[in-house]
Structure formats: structure tokens, C-alpha cells
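Have a look at the structure below, then the notes.
Laboratory data are not the source of any read-out in this text; all were calculated from the coordinates shown. Predicted, not measured: the structure shown is a model, and the values here were computed from it. Reconstructed Cβ throughout: ideal geometry from the backbone, glycine too, with neighbour counts over all protein chains shown.
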Amino acid sequence: MSPSIDELSRTTLLIIGALFPIVNPPENIPIFLTLTSGLRSEDRSVLARKVAINGFILLIVSVLIGTHVLGFFGISLPVVQVGGGLVVMAAGWKLLSRSDDDASPTSLKIANSSYLSRRAFFPLTLPLTVGPGSISVAIAVGANRPAGSATAWSLPVAALLGCAVIGLAIYFTYHFAEPIGRFLGETAMSIFIRLSSFILLCIGVQIVWNGLSKLLSTVF
């Protein structure tokens, strides 16, 4: 195996290994079903595809030009973590305090394409699927590329391959979320929804703390 192919393989596996545990689509199945309650199976499939595409775009942009975007606006990565963590906390608290009646509509509604597009980006893609934690890790991975490397092309190609794998995982997980929910049953899903919402709230607190710790270290 040539050095360039070997570096491409390592970088691709690094991107997948670093981002997949944070994105973790299977963990988001209960919340996805809650936020899409009342929609038809066809609309959920459309949302699964849109969320996968949005997640792919967010991740690959974060890897390739995330540091440049933050530098252009004069924003540091810890600030992104604090701001994004607060959004995740708000989303987790809203889901945690949601009543079971709100999550169990009596009839299905037909959603138009504009509604699905808005819903697919917020809150299903950001902050649920690709949140500030995933974005900050993606930016960090892209920032660690070796300067002046002879195989500088390997990072864009690896980012394309790695983010595509994660995008496919998001699509298939959300596409089959409804049959998985039926298999688990209403009681088990209700428990998982509460646990997932609490975990999402805790993840938001952790992201905020990580950002605050770095900011406070510059002060003291």
C-alpha cells in the first residue's frame, strides 16, 4: 500500500472514529420519533434523507473550512461550545418537560416540503444529530492537518468519505426509526424518550462546561 493511500485510510478512519460516537444516530431514535410525531411514514423518510444530507454538509464544511469560518468572525472554539451547549440544553429541557399527550397525536398530518425542510435542519439536524460537540470535533480534526504535506489532498477526500459514511448511517437509522419504535413498544419508547432527553440535557451541560473551562483557563 502506497504512503498516500495509507494516509488516506488512516485519516478516513480517524474522521469516522472521532465523529460517529458523538453523532450516534441510534441514540437519537426516540427523540427523532418524538419530534416527528404526527407525521406520516413517507414524511419521516423524507426527513431522514434531508437530515442525512444536512448532517453531511455540516460535518464536511466543519472539517474543511471550520477554522477559517471561525477566524473570519473572530469566534473561538470554546465560545462555539458554550453557545452550542446552551442550545442543546434548551432542546433537552424542552423534550424532558414535554407531556406524553403532546407526543401522542390522535391523527396524522400532511406536511408540505417547506415545513419538512425547516424541520429537517432545526431541530433535527442541528442540534439533535450534528450538534456543537460534533462540529467542534470536526473543526479540531480539520485543524490538525499537517501543514505543507505532500498528500494534502488526502484530507478533503477522507472528509468526503468519512462524512458520507456518517451521513448514510444517519439516513438508515432515521429511515428505520419507526419500525424500531414499533418493535420496542410504546412503554419502552416512553422510557427511552425520557432517558434520551435527560442525556441530551447532560450533553449540553458537558459541552458548556468544556467551553467554559477553556475560557476560564485563559483568565486565571
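What the table below lists for this structure:
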quantity: Relative contact order [Cα under 8 Å, 6+ residues apart], the chain, whole percent; calculated: 47
quantity: Dimensionless Rg/Rh of region 107-219 - Kirkwood Rh, Rg from C-alpha atoms; calculated: 1.06
quantity: Computed lengthening from Val157 to Phe220, 0.36 nm per intervening residue step minus Cα-Cα distance; calculated: 18.6 nm
quantity: Taking the C-alpha atoms of the chain, convex hull volume expressed per residue in Å³; calculated: 135
quantity: Förster radius 22 Å - calculated FRET efficiency between Trp209 and Val79 (Cβ-Cβ, nearest 0.05); calculated: 0.95
quantity: Inverse mean reciprocal Cα-Cα distance (Kirkwood Rh) of region 1-74, Å; calculated: 15.1
quantity: Rounded to whole Hz, the Karplus (6.51, -1.76, 1.60) HN-Hα couplings of region 25-33, x for glycine and proline; calculated: x, x, 5, 8, 4, x, 5, 4, 5
quantity: Order of Lys94, Lys50 - criterion: other Cβ atoms within 10 Å of each residue's Cβ, fewest first; calculated: Lys94, Lys50
